[in-house]
Amino acid sequence: DAKTTQPPSMDCAEGRAANLPCNHSTISGNEYVYWYRQIHSQGPQYIIHGLKNNETNEMASLIITEDRKSSTLILPHATLRDTAVYYCIVRPMTTDSWGKFQFGAGTQVVVTP
Amino acid sequence: EAQVTQNPRYLITVTGKKLTVTCSQNMNHEYMSWYRQDPGLGLRQIYYSMNVEVTDKGDVPEGYKVSRKEKRNFPLILESPSPNQTSLYFCASSRTSSPLHFGNGTRLTVT
């Protein structure tokens, strides 16, 4: 079973911020939180990742709670091209276990005009 | 251009006819992995490889084989395909502990 829980779907108005929650209550100290998105049936695209500090890049911001049991991906100004399925995953970083990890069902985000 | 290339993009075959889906990456990545995607089930990991000649089972390995004889290639082999292997398949690669790069997918139909 996936180690993360996400809402199945959410809508967002174009130009507004989209806040995508993810619950990972069983996360371990050596596991990073990664976010990917998949547009239509294309290959998933990496967005951002973090361990415990908040992160920001040109695509999004990642806010991780202090206890690391949940996180939020923020798309600051959603556009129609951000309509996609967003996946939150946890990935161990120890060399003997980082190869096997699970994607959940993700959140279908629909950005409307 | 850095990329993960899968071939073919579309494949229709019949039950029991052996097939291979190729995956190649030009980024000198150590790690490669195969996933299948079915409606409502997200991406499920089939096999992964941490380096040449090192492969391990993912969550749904039954009915599949892989090999990693060279760093750049990680073919997925279906010795005797069945209709329940009809799916969208993705190959991915990365450096150790780095973000994954995905291919564009292979849509397989087994009749």
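A few points about this structure:
- Highlighted here are the strands (runs of 3 or more DSSP E) found entirely within region B:45-111 that include at least 1 residues which are small (Gly, Ala, Ser), facing chain A (nearest Cβ under 8 Å) and surrounded by 17 or more Cβ atoms within 10 Å (Cβ to Cβ): B:87-94.
Residue-by-condition table, conditions (1) in contact with a Pro (Cβ under 7 Å, 6 or more places away or on another chain); (2) of a type in the set (Ser, Thr, Tyr):
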| position | (1), (2) |
| --- | --- |
| B:Thr15 | yes, yes |
| B:Met27 | no, no |
| B:Met32 | no, no |
| B:Pro39 | no, no |
| B:Val52 | no, no |
| B:Lys69 | no, no |
| B:Pro75 | no, no |
| B:Ser82 | no, yes |
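- Only one of the numbered conditions (1) within 14 Å of chain B (Cβ to nearest Cβ); (2) crowded, with 16+ Cβ neighbours inside 10 Å is not met by A:Thr94, and that is (2).
- Listed here are the strands (runs of 3 or more DSSP E) enclosed by chain A that have at least 2 residues being among the β-branched types (Val, Ile, Thr): A:45-50, A:61-64, A:70-75, A:84-92, A:107-112.
- Residue list for region A:13-40, restricted to those being surrounded by 19 or more Cβ atoms within 10 Å (Cβ to Cβ) and not hydroxyl-bearing (Ser, Thr, Tyr): A:Ala18, A:Leu20, A:Cys22, A:His24, A:Ile27, A:Glu31, A:Val33, A:Trp35, A:Arg37, A:Gln38
- Residue within region A:13-21 that is among the basic types (Lys, Arg), closer than 20 Å to B:Ser98 by Cα and at pLDDT 95 or above present: no
- Any hit, region B:25-43, residues being more than 14 Å from chain A (Cβ to nearest Cβ) and in contact (Cβ under 8 Å) with a residue 24 or more places away in the chain: yes
- Filtered residues of region A:25-47 (kept if more than 18 Å from A:Ala105 (Cα to Cα), of a type outside the set (Asp, Glu) and within 14 Å of chain B (Cβ to nearest Cβ)): A:Asn30, A:Tyr32
- The one condition in (1) modelled with pLDDT under 95; (2) touching a Phe, Trp or Tyr at 6+ places or on another chain (Cβ under 7 Å) that A:Tyr86 fails to fulfil: (1)
- Scanning region B:10-36 for residues that are assigned to a strand (DSSP E or B) and surrounded by fewer than 19 Cβ atoms within 10 Å (Cβ to Cβ) turns up B:Tyr10, B:Leu11, B:Ile12, B:Thr13, B:Leu19, B:Thr20, B:Thr22, B:Ser24.
The values are calculated or read from the model by the stated rules, or taken from the named source; none is laboratory data. Keep in mind it's a predicted model, so treat the numbers as computed, not measured. Ideal geometry is used to build each Cβ from the backbone, glycine not excepted, and the neighbour counts take in all protein chains shown.
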